[in-house]
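Report on the structure given below.
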Amino acid sequence: MTRPRLTYFDAPVSRGEECRLALHLAGIDFEDKRISQAEWPALKEQMPFGALPVLELPGHPPLAQTNPILLLIGRRHGLHPTDDFEAARHEAMMQHVEELRHNVTPTIRMGDVEKKAAREALVAGFLPAWGKNAERNLGSAGPFFAGAKIHVVDLKLHMAVRWFIGGKVDHIPATIFASFPKLMGVHDAVRDHAGVKSWYAK
Ligand SMILES: N[C@@H](CCC(=O)N[C@@H](CS)C(=O)NCC(=O)O)C(=O)O
């Protein structure tokens, strides 16, 4: 292996996509290894924690867990704060996005009846509370989490909002976060960022 390799499922979503965006914004020439669901069972046991994404850097063992991957890229390439307290504040928000995933992802594999009930419960409680807590931790400067400059935390917030606003998650309205203008503002600012646009123009 002569260049970094990111392995994730063949979809522009979630944990893998935010790592791809971070690598692209960092200006890293990386191998974007996309695997099918059919390939996954044979690969799963070879991964450090049996899950994706996994980042491989020449000269190092494979690195798993999304936030540590993002933090490594961010620290090395100016996409994460150097001030340790400010960095921790970003990391808290990154963990908040992971908590969203931990609450919503289990519903994906549920049968229709159970899924509907579980998602309606999320819409009634967890999701608006999640949005409110995200909003409370966003500064007024904008458009990004820490003002004018994009960081890896913004990529996670963008992916979190993007998950729902297409209206394709059954039983969760596309407007679920519409009443949180700062959160929506981060989503829009990442979408409109020149580096992000250049990734999707590839
Ligand atoms: N804590 C891990 C969670 C990784 C995770 O659950 N990844 C999902 C895809 S987003 C996965 O690999 N699912 C397949 C499986 O667990 O078998 C992280 O932050 O990277």
Touching a strand residue (DSSP E or B) at 6+ places or on another chain (Cβ under 9 Å), within 10 Å of the ligand (Cβ to nearest atom), within 16 Å of F9 (Cα to Cα) and not polar (S, T, N, Q) - does that describe any residue in region 19-31?
yes
Go through region 1-16 and give me each residue that's hydrophobic (A, V, I, L, M, F, W, C), surrounded by 12 or more Cβ atoms within 10 Å (Cβ to Cβ) and more than 9 Å from the ligand (Cβ to nearest atom).
L6
Pair list, Cβ under 6 Å, 6 or more apart: region 11-28 residue in contact (Cβ under 8 Å) with a residue 60 or more places away in the chain, other residue within 9 Å of the ligand (Cβ to nearest atom):
R15/P53; R15/T66
Of the residues in region 137-164, how many are hydrophobic (A, V, I, L, M, F, W, C) and at pLDDT below 95?
1
Residues that are over 23 Å from L79 (Cβ atoms), at least 2 per element: which helices (runs of 4 or more DSSP H) completely within region 120-202 meet that?
127-136, 152-165
For residues in region 35-63 being loosely packed, with under 10 Cβ neighbours inside 10 Å and in contact (Cβ under 8 Å) with a residue 24 or more places away in the chain, which is nearest to the ligand (Cβ to nearest atom)?
Q37
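The values are calculated or read from the model by the stated rules, or taken from the named source; none is laboratory data. Model, not experiment: these values are computed from the prediction. No Cβ is skipped: glycine too gets one built from the backbone with ideal geometry, and neighbour counts run over all protein chains shown.
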